[in-house]
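As structure tokens, the structure follows; a few thoughts come after it.
The values are calculated or read from the model by the stated rules, or taken from the named source; none is laboratory data. It should be emphasised that the depicted structure is a prediction, and the values quoted were computed from it without experimental measurement. With ideal geometry, Cβ positions are generated from the backbone for all residues, glycine too; neighbour counts draw on all protein chains shown.
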Amino acid sequence: MKVNIKAVSVLLALLLVSVSVFGQVVESESGTEEQTGTIVVTIEELRNSDGNVRVALWASEDGFLRDQDSAFRRVLSVIEGETVEFVFTDLPFGEYAVSAFHDENGDGENNRNLFGKPTEGYCVSNGVRGSMLSGPPEFDDACIILETEELTVTMEMGY
């Protein structure tokens with residue numbers, strides 16, 4: 001069997017050109033030009049420095065405030081003073097919500113009384129609070145929009 005080297009070379013060259021063009025298209029569609037930013041969360045009005053503060057950043061209403069494992073990102077911090085700050089970097093522009101609680105006893109849970117009311121402090125972006133009648137806040141009410149390089153969110157811990 002006789003192989004035409006020139007024909008094989010031309011086919012390989014065409015194949016490489018098509019792969020590199022395809023690669024460029026995929027690369028640009030995959031988000032290399034996607035805009036990202038940072039959300040800086042400051043939590044004020046902590047009543048003491050016991051335990052830690054746990055913060056969840058939510059990118060959708062899926063599991064919002066019900067399933068911490070559904071959060072987009074979660075962090076915790078020890079407390080030094082009456083204020084703590086969290087920085088979430090490299091976030092795609094879009095809608096988010098932030099929730100936090102003061103885990104005073106360090107057990108990883110936002111403890112509640114017999115009626116289901118939290119006994120440890122908590123807060124949600126936009127200052128929304130739930131009630132016995134309406135239940136926990138909704139994602140849409142807590143929604144903040146990241147559309148700049150940096151967004152600062154200040155929240156007050158409520159007890």
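Annotations for the structure displayed:
- Scanning the stretch 66-124 for residues that are closer than 19 Å to CYS143 by Cα and polar (S, T, N, Q), we see that the one that is modelled with the lowest pLDDT is GLN68.
- Members of the stretch 56-75 found to be surrounded by fewer than 16 Cβ atoms within 10 Å (Cβ to Cβ) and in contact with a Lys or Arg (Cβ under 6 Å, 6 or more places away or on another chain), listed by number: none
- Criterion applied to PHE115, PHE86 was being aromatic (Phe, Trp, Tyr) and within 17 Å of SER49 (Cβ to Cβ), and the one residue passing it is PHE86.
- Residues that are in a strand (DSSP E or B), more than 16 Å from the chain's Cα centre (by Cα) and closer than 21 Å to ASN126 by Cβ, drawn from the stretch 63-112: VAL84, HIS102
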